[in-house]
1. Return the only residue of Leu62, Leu23 being touching a helix residue (DSSP H, G or I) at 6+ places or on another chain (Cβ under 9 Å) and not assigned by TED's automatic domain parsing to the domain that holds His132.
2. Looking only at the stretch 111-134, count every residue that is more than 23 Å from Ser17 (Cβ to Cβ) and surrounded by 17 or more Cβ atoms within 10 Å (Cβ to Cβ) and tell me the total.
3. If I filter the stretch 88-105 for residues that are under 29 Å from Asp18 (Cβ atoms), outside any strand (DSSP E or B), charged (D, E, K, R) and in contact with a strand residue (DSSP E or B) (Cβ under 9 Å, 6 or more places away or on another chain), do I get at least one hit?
4. Would you be able to tell me the number of residues in the stretch 61-87 that are part of a loop (DSSP other than H, G, I, E, B) and either of a type outside the set (S, T, N, Q) or on the phi > 0 side of the Ramachandran plot (or both)?
5. Inside the stretch 57-78, can you point out the residues that are of a type in the set (Asp, Glu) and loosely packed, with under 13 Cβ neighbours inside 10 Å?
6. Restricting to the stretch 7-56, name every residue that is surrounded by 14 or more Cβ atoms within 10 Å (Cβ to Cβ), more than 15 Å from the chain's Cα centre (by Cα) and assigned to a helix (DSSP H, G or I).
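The values are calculated or read from the model by the stated rules, or taken from the named source; none is laboratory data. Owing to the predicted nature of the structure, the values given are computational and were not obtained by experimental measurement. Cβ: placed from backbone, ideal geometry, glycine included. Neighbour counts: every protein chain shown.
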Amino acid sequence: MNRPRLDGVHHYKVPVSDLGESLRWYARVFGAERQAQFDHRSSAGVLYAYVLYVPKLGLLELRYAPRTAKAISGHDPVTYAVPTRADLRAWVGHLDALGVENSGELRGIIGWVLVFRDPDGLAVRLYTREHHAFDEAHADVDSRWLRLSADAEVVDAQP
């Protein structure tokens, strides 16, 4: 079957309750730079989104949507990759130096993971491309950082 082509991700969109606070946080944590020429404004001139450039990720849109931001607080829509476990540990140090609460290094099912939250509580996960053998039994799945959002139900699939 011939499928139409995809060419990667154009940009990521994050709902936020405070554009200024989120801009400062993403700049501090990720080195994001506002691309003011791409700011989004309504036909009445009201600013409702910033577009940022995040090194190695591309464009990130911070969209003013406080109800949506509140509704998905705790959710982790995207997991970003880091090359190695050492890179993940460097992120832990970076976040600690910034005073950003984080999970520290956790053992994932096939690699290592780090979790922290943006100003609206959206979970940001970094996962290593470096991996260990598939190991669900020893993963830190019970960590409060890796649990599903509060309204999710985990179904026990007993035979």
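1. Details: Leu23 fails: touching a helix residue (DSSP H, G or I) at 6+ places or on another chain (Cβ under 9 Å).
Residue meeting the stated conditions: Leu62.
2. So in the stretch 111-134, the residues more than 23 Å from Ser17 (Cβ to Cβ) come out as 111-114, 126-134.
Then keep just the ones that are surrounded by 17 or more Cβ atoms within 10 Å (Cβ to Cβ); that gives 111-114, 126-128.
Total satisfying the criteria: 7.
3. Just the residues of the stretch 88-105 that are under 29 Å from Asp18 (Cβ atoms), to begin with: 88, 90-104.
Right, trim to outside any strand (DSSP E or B) and you get 88, 90-101, 103-104.
Now narrow it down to the ones that are charged (D, E, K, R): 96, 101.
Now narrow it down to the ones that are in contact with a strand residue (DSSP E or B) (Cβ under 9 Å, 6 or more places away or on another chain): 96, 101.
Yes, some residue in the stretch 88-105 is under 29 Å from Asp18 (Cβ atoms), outside any strand (DSSP E or B), charged (D, E, K, R) and in contact with a strand residue (DSSP E or B) (Cβ under 9 Å, 6 or more places away or on another chain).
4. If we filter the stretch 61-87 for residues that are part of a loop (DSSP other than H, G, I, E, B), which is where we start, we get 65, 72-78, 83-84.
Within this subset, residues satisfying the condition of being either of a type outside the set (S, T, N, Q) or on the phi > 0 side of the Ramachandran plot (or both) are 65, 72, 74-78, 83.
Residues meeting the conditions: 8.
5. First pass over the stretch 57-78, keeping only residues of a type in the set (Asp, Glu): 61, 76.
If the condition is that a residue be of a type in the set (Asp, Glu) and loosely packed, with under 13 Cβ neighbours inside 10 Å, then no residue fits.
6. Passing the criteria: Leu19, Glu21, Phe38.
A quick yes/no check of all residues on (1) under 16 Å from Val78 (Cα atoms); (2) not hydroxyl-bearing (Ser, Thr, Tyr):
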site	(1), (2)
Arg5	no, yes
Val14	yes, yes
Asp18	no, yes
Ser22	no, no
Trp25	no, yes
Arg41	no, yes
Ala49	no, yes
